[in-house]
Amino acid sequence: MDIMVQWVRVYWTKDSRGGPGAVRRGLLPAAFPLAEAEPPFVHEVRMLEWNGFSPSTSVFSGLPPRSQVEMTESDGCLRVLPARNAPEWARNGLDPAWRPAPVAMRPRQTLRWQINHRRTTERGWYYRLDTLNVSYGNRTAEVFLHPPTHRVDELSRL
């Protein structure tokens, strides 16, 4: 079965955290038209504050590494769970023990899973919003532009 993954990642600093910056970030898309590639593949879209949130894209053949997303296909079903031990997610204030269970997808279904992070570097804090879009067997370019079949919201107040 065809599996297409789109990661939409938004990065920002405290300069865009509140007020007009937050409004601008809130208007950024959570999905884009899907790249043209042979499944399985990962279409990554990054939007960085320091580049004016202009989208840049990359396409990688295969599925995401298990260190990022666990995907198991069996009996006509795809189970999806972003990695529980990813270090940046451990810093977002969520208790990993209370994370949602894997999402079971049937053919022609889609998933949108959102989670945000806060990281510190030698330059100070930065923030990231990850949107994981997964399509199981639905291969149109617009697949992620429609409401998903499954939605998981792990957004925390940062």
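The values are calculated or read from the model by the stated rules, or taken from the named source; none is laboratory data. Being a predicted model, the structure only gives us computed values, none of them experimental. As a convention, Cβ positions derive from the backbone with ideal geometry for all residues, glycine included, and neighbour counts pool all protein chains shown. Heavy atoms of the whole protein, side chains included, go into the accessibility calculation; ligands, DNA and RNA do not. Shrake-Rupley method; radii C 1.70, N 1.55, O 1.52, S 1.80 Å.
So for the range 104-125 (the condition being among the hydroxyl-bearing types (S, T, Y), buried (at least 17 other Cβ atoms within 10 Å of the Cβ) and under 18 Å from A22 (Cβ atoms)), does at least one residue qualify? Quick ask: steps written out before the conclusion?
Step one: of the range 104-125, the residues among the hydroxyl-bearing types (S, T, Y) are 110, 120-121.
Narrowing further to those that are buried (at least 17 other Cβ atoms within 10 Å of the Cβ): 110.
Subsequent filtering for residues that are under 18 Å from A22 (Cβ atoms) retains none.
Scanning the range 104-125 turns up no residue that is among the hydroxyl-bearing types (S, T, Y), buried (at least 17 other Cβ atoms within 10 Å of the Cβ) and under 18 Å from A22 (Cβ atoms).
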Cβ contacts < 6 Å: first residue without any contact (Cβ under 8 Å) to a residue 12 or more places away in the chain, restricted to the range 53-64; second residue surrounded by 11 or more Cβ atoms within 10 Å (Cβ to Cβ), any location; separation 6+ or different chain. Result? S56/R46
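Name every residue in the range 12-37 that is under 13 Å from the mean Cα position of the chain (by Cα) and open to solvent by 20 Å² or more (accessible area, probe 1.4 Å), in order of residue number.
Restricting attention to the range 12-37, the residues satisfying the condition of being under 13 Å from the mean Cα position of the chain (by Cα) are 29-32.
Those that are under 13 Å from the mean Cα position of the chain (by Cα) and open to solvent by 20 Å² or more (accessible area, probe 1.4 Å): P29, A30, F32.
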Name the residues in the range 126-149 that are open to solvent by 10 Å² or more (accessible area, probe 1.4 Å), charged (D, E, K, R) and within 13 Å of Q6 (Cβ to Cβ), would you? R139, E142
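Taking the condition at positive phi and free of Cβ contacts under 8 Å to residues at least 24 places away in the same chain, does G26 pass? I'd like the intermediate steps shown before the answer.
Values: at positive phi: no; free of Cβ contacts under 8 Å to residues at least 24 places away in the same chain: yes.
Judged against the criteria, G26 is not a match.
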